1. Compute the distance in nm between two label points, each set 7 Å from the Cα along the Cα-to-Cβ direction, one at R132 and one at R221.
2. Using the alpha-carbon atoms, what tilt in degrees (0 to 90, nearest 10) does helix 68-78 show relative to the longest principal axis of the chain?
3. For the residue pair A22 and A175, what label-to-label distance in nm results when each label sits 7 Å from Cα along the Cα-to-beta-carbon direction?
4. Taking Cα centroids, how far is segment 187-211 from segment 78-114 in Å?
5. DSSP beta bridges in segment 146-302, what fraction antiparallel, as a percent rounded to 5?
6. Excluding S112 itself, what net charge comes from residues whose Cβ is under 12 Å from its Cβ, given Lys and Arg +1 and Asp and Glu -1?
7. Note the angle between two axes, namely the Cα long axis of helix 20-33 and the longest principal axis of the Cα atoms of the chain, as a number of degrees from 0 to 90, rounded to the nearest 10.
8. So what's the back-of-envelope 222 nm ellipticity for the chain, counting only DSSP H runs of four-plus at -39500 (n - 2.57) apiece and dividing by all residues, rounded to 500?
Amino acid sequence: MLKAAELVVVDLPALEGWDARALVRTLAHELESLGLRKLPLRVVRPVLPERLSHERSPARLAAALDAAGARAELAQAVAGIGAEGHVLLFPPVLGLATNASVIEALEAASGSRVGEALAFPPHAVSGYRLQRALDAAVRRAGAERVDGRVDRVVAADRDRLELLRVDGKPPRLAADAVVLATGRFVGGGLEAGPDAVREPLVSLPLYDGDGRRIDGIPAHRSARKGYGNEQPLFSAGVRTDRRLRPLDAQGRPQHARLFAAGDLLGGFDPGRERTGLGVALLSGIHAGRAAAESLRAPQQSLGAAAGGMP
């Protein structure tokens with residue numbers, strides 16, 4: 001995108017929560033803040049067929065574009081809008097199951113590269129596609145999926161863990177290895193009660209980006225006044241060793257086969273550092289590989305488990 005001759009943001013004014021002009025302003029500000037070259041930016045509003053132009057729901061519009069007829073109509077609407085070297089940036093609505101086919105049709109019709117802006121709900125279609133792809137990969141690998149809400153993760157012994165469930169059966173689920181990818185405050189991986197911040201599943205110690213331990217103290221003590229100021233609370237999380245095993249208060253792995261990934265890891269603020277989902281993706285890959293490796297390697301090579309895990 002940064003090498004494009006021009007970036008054209010597609011305006012779909014009926015779409016709930018989508019503001020093409022605001023996105024252009026944000027992109028211009030981000031390019032300036034990061035010291036990158038100025039990129040020509042403009043907004044274009046294609047003339048859509050009526051059945052697409054009035055759709056407010058991103059998910060319903062994406063589902064409609066899975067049909068070949070709607071896909072062809074959208075392609076006809078953007079024909080001639082772009083040019084070689086240009087990028088057309090759409091909201092994330094370009095199909096649910098046929099995203100690649102929709103993009104291919106739009107690129108052929110417009111003569112431009114086509115992409116989607118990342119967005120939060122209600123524009124969470126890209127996340128839905130990723131979840132579908134992950135679910136399919138799990139099925140192809142022959143893995144069993146068990147849904148349920150976990151209340152605690154405890155050590156069954158040196159080699160195994162147990163997930164204590166609050167819904168579903170069985171109430172105790174044995175696991176040879178566990179990856180905690182529970183997020184921070186939004187995902188429920190951390191809780192900020194009136195009296196203390198805590199990690200609810202294992203009671204792991206938590207640290208902010210400056211290395212201060214913050215579990216057990218009120219959340220407001222890790223917040224600072226001023227919107228633009230660094231907020232230690234937003235970098236809170238667990239410490240890990242090189243295998244991404246969470247550490248206890250003495251700096252030892254809580255359990256040899258317990259791993260952590262994503263925003264549960266402390267020491268970074270994705271909003272402030274503009275890392276987006278990069279840390280989550282990379283740490284998820286590494287934690288998953290480390291967990292699988294722990295099942296193949298002799299236990300003595302993994303390091304002793306700490307004695308503090310319940």
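Just so you know, all these numbers are worked out from the coordinates, no wet-lab data involved. All figures in this text were calculated on a predicted structure; none of them were measured in a lab. Don't worry about glycine lacking a Cβ; one is built from the backbone with ideal geometry, like all the others, and counts go over all protein chains shown.
1. 4.8 nm
2. Approximately 60 degrees, to the nearest 10.
3. 3.7 nm
4. 43 Å
5. 75 percent
6. Once all neighbours under 12 Å are counted, the net charge is -2.
7. Approximately 60 degrees, to the nearest ten.
8. Helix-only estimate at 222 nm: -8500 deg cm²/dmol.
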